[in-house]
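What follows draws every value from the coordinates through simple rules; no lab data is involved. The structure displayed is predicted, hence computed values, not measured ones. As a convention, Cβ positions derive from the backbone with ideal geometry for all residues, glycine included, and neighbour counts pool all protein chains shown.
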Amino acid sequence: MIQFEAVHKRFPNGTTAVHDLTIDMPEGGVTVFVGSSGCGKTTSLRMINRMVDPTSGTIRVGGRDVLEQDAAELRRSIGYVIQQSGLFPHRTVLDNIATVPLLLGWGRKKARATAGELLERVGLSAEMGKRYPHQLSGGQQQRVGVARALAADPPVLLMDEPFGAVDPVVRAQLQDELVRLQKELNKTIVFVTHDIDEAVRLGDRIAVFREGGHLVQCDTPAELLARPVNDFVADFLGAERGLKLLSLTALADVPQGPVPQGGRWELVLDDARRPLRWQDRDSEASAPVRPLRDTDSLLSALNESVASPAGLAVRVDAQGVLSGVTSRDDIHERSGAAHARALTGTPTPGSAVPAQESADPKERDSA
Ligand SMILES: Nc1ncnc2c1ncn2[C@@H]1O[C@H](COP(=O)(O)OP(=O)(O)O)[C@@H](O)[C@H]1O
Ligand SMILES: [Mg+2]
């Protein structure tokens, strides 16, 4: 969908911002550019919609060389979201969202109707449409920025640290929203961040950059975490690389068995065999249970088995009906394998890196 072929960008002042960048960004997927400040992420992004033109090399969007297209037209056909939302302060939220449709000559009525639908789609009430940007919180402004970028239904969305200026809680909400939206919309998204956790959360593929505009590695999140190509990438992924990999590894193929009989803690079920709580047989004491599905992560299972008084993670099917339990030891054993693989980069027999389907954060969320 988007292809860079040997792309260089050297600014007139002599700075090489992007060095020999060759990368393919698949259609309908989220490619995340990640790396520390100044490593060429924004410049690479802006060459896609010709806000910056490359010094050499070729960039194709949908098979067409961007340099052969009219820059203004190209820009209108590609959604663009930036950190400070970039909203027009003297236009209402609705008019902000309708900007590109109006430029495209849709007519006021249709443009506003579309803007209204989008407002809802990004989780804002219709009432917000009448407000001005300064009457919204930072997180709400970013939602409007996303709605505006989506207004003309462009196939490609460029996002440059769009959630960088909001607090961590709101940021997590916006990330979840984007994952949810993308499941419906299937846009080709290029997302820039310096936050590796955000990259792992959102990316179908992650491209790690280093200073001088060098692409160091581009892989699925699971591959990247399991097999960083060098120390630079490993350092960038951080000391919690193993944990992150556990958060991406699905529980599905970890064995489960029946609830052990005769223990102190009894698993109480409802009439439909859905788990309700752990009950102490000798007292009134009980403990909550948070059942897990196959698509949940090893990390969740580990947490759950630690929280459970019986040391067991309780597992259910898609209907929430009990399917079995997994012991802390079984989870440890499997996590150890995943962790060892992450640390050494060597595959462990019987615990292949999960298929992209199960490692995909969107899949986990839909569970
Ligand atoms: N218009 C410009 N003129 C000169 N140098 C620039 C310009 N834009 C960016 N740079 C330089 O190019 C490098 C890459 O910048 P940028 O792509 O913004 O990095 P990032 O988005 O990864 O922080 C930096 O060294 C930056 O200072
Ligand atoms: Mg930048």
Among 150, 225, 185, rank each residue by its count of other Cβ atoms within 10 Å, from fewest to most, as a rough exposure measure. 185, 150, 225
For the residue pair residue 153 and residue 186, what label-to-label distance in nm results when each label sits 7 Å from Cα along the Cα-to-beta-carbon direction? 1.4
Convert each backbone phi in the range 255-263 into a coupling constant with the Karplus relation 6.51 cos²θ - 1.76 cosθ + 1.60 (shift: θ = phi - 60°), then list the ³J(HN,Hα) values in order as whole Hz, x for Gly and Pro. x, 9, x, x, 5, x, 8, x, x
For the chain, how many pairs of lysine residues have a Cα-Cα distance under 27 Å, where the two are 8 or more positions apart or belong to different chains? 16
Hull surface divided by four, with the convex hull built on the Cα atoms of the range 56-121: how many nm²? 6.2
Where does each of 159, 51, 25 land when they are ranked from fewest to most other beta-carbon atoms within 10 angstrom? 51, 25, 159
For the chain, report the translational diffusion coefficient in µm²/s to the nearest whole number, using Stokes-Einstein at 10 °C, 1.306 mPa s, and a Kirkwood Rh over Cα pairs. 70
Convex hull (Cα only) mean projected area of the range 270-321, reported in nm² to one decimal: 3.8
Expected vector for the range 5-17, Karplus 3J(HN,Hα) from phi with 6.51, -1.76, 1.60 and θ = phi - 60°, integer Hz, x for Gly and Pro, equals 10, 6, 8, 10, 9, 10, 7, x, 7, x, 6, 8, 8
